[in-house]
Amino acid sequence: MSRGLVSPSEWATPTTRRVLRGAQGLLLGGLLLTGLGPVLWLAKAAVTPTQDTLRTPLSVFPNGLDLTNLATAWTRVEIDEHFVNTVALAAGSWLVQLVVATTAGYALAVLRPRYGGLVTGVVLGTLFVPSIVLLVPLYLTVVDTGMINTFWAVWLPSGASAFNVVLVRRFFASLPREVFEAARVDGAGPFRVFWSVVLPLSRPVIGVVSVFAVVASWKDFLWPLLVLPDPAVQPLSVRLPALQRYVELDVFLAALAISTVIPVALFLVFQRLFLRGGALEGAVKG
């Protein structure tokens, strides 16, 4: 029997039902306004002249559209160059995180080495270490290895994500082991089981890890600022704040709007994985 703040008999009352549904509608509207409001305002401000944005920031195109803002931001602010840098950094970070998370999760959950429990405990322990504590030694390591001003300085450290390893490991542990045993009986080795059996069954969690990896890399500011001091290789998250004082407000807002296209599109593509929770179900049950 389900329990809640409102009993089934109270739900049957028309007055209570109308009040609760109205409250739910107001709550949903407030959430939509809070979540989508800034994004929609940025999209509007990207094609609005500066004077309109300063005088009437909440008006909807009082003096028409100014689509030249987008073209100016793309050429004058060199958004195209930094956009390519951002895509390259996000793609490399995504690949490194995916390889590390899937291989580590496979080794701990499916192969189950003798000291797998100890390794899992160590990985979980790293979740309690603040990332700021590791900033200086990690930076010194990058400097000593000569990776400053190279994308490797961002790609390689991104693979050390204990959250992704734990998430993928628990999802792999929830998969039926009968499938693995059947593959081994057919003569499949560890790599064959991983590539042909485990990965095809793990598309939901791979999608979730992919979204987390790309969004985290796309919005990362501090680490790329430290290891990529050359403006020619900096991503949008680092370069746009540096250019803010040199460009007009409408052009800067247009550049910000362009920089948000990929994360928003990525979420829209994989939104079902988050809304239905199917990708994380196996991890929770594990």
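Any read-out appearing in this document is the output of simple, stated calculations on the displayed coordinates, not a laboratory observation. Here the structure is a predicted model, which is why all the values come from computation and not from measurement. A quick note on method: Cβ atoms are made from the backbone with ideal geometry, for glycine too, and the neighbour counts reach across all protein chains shown.
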| field | Phi to ³J(HN,Hα) by Karplus 6.51 cos²θ - 1.76 cosθ + 1.60 over the stretch 163-178, Hz, x for Gly, Pro | value | 4, 5, 4, 5, 4, 5, 4, 5, 5, 4, 5, 7, 6, x, 6, 4
| Tell me, what is the FRET efficiency for VAL143 and VAL39 to the nearest 0.05, using R0 = 45 angstrom and their Cβ-Cβ distance as r? | 0.75
| task | Output the relative contact order of the stretch 1-155, whole-number percent, from Cα pairs under 8 angstrom with separation of 6+ residues. | result | 14
| field | Pair LYS219, ARG76: separation of 7 Å Cα→Cβ label points (nm) | value | 2.9
| task | At 7 Å along the Cα-to-beta-carbon direction for both LEU26 and LEU201, put a label point, then send me their distance in nm to one decimal. | result | 4.9
| Inter-label distance, nm, simple model (7 Å from Cα along the C-beta direction), TRP152/LEU249 | 4.5
| message | Run the numbers for VAL264 and VAL185: contour at 0.36 nm per residue of separation, minus the present Cα-Cα distance, in nm. | response | 24.0 nm
| field | Net charge over other residues, Cβ less than 14 angstrom from the Cβ of THR72 (K, R count +1; D, E count -1) | value | -4
| request: Report the net charge of residues surrounding LEU124, where surrounding means a beta-carbon distance below 14 angstrom and charges are Lys +1, Arg +1, Asp -1, Glu -1. | output: +2
| field | Pairwise FRET efficiency - LEU135 versus LEU54, Cβ, R0 = 41 Å, nearest 0.05 | value | 0.60
| field | Contact order normalised by residue count of the chain, Cα under 8 Å, 6+ apart, percent | value | 31
| request: Filter the chymotrypsin sites (Phe, Trp or Tyr not before Pro) in the stretch 170-254 to those in DSSP coil with at most 16 other Cβ atoms within 10 Å of their Cβ, and list the result. | output: PHE221
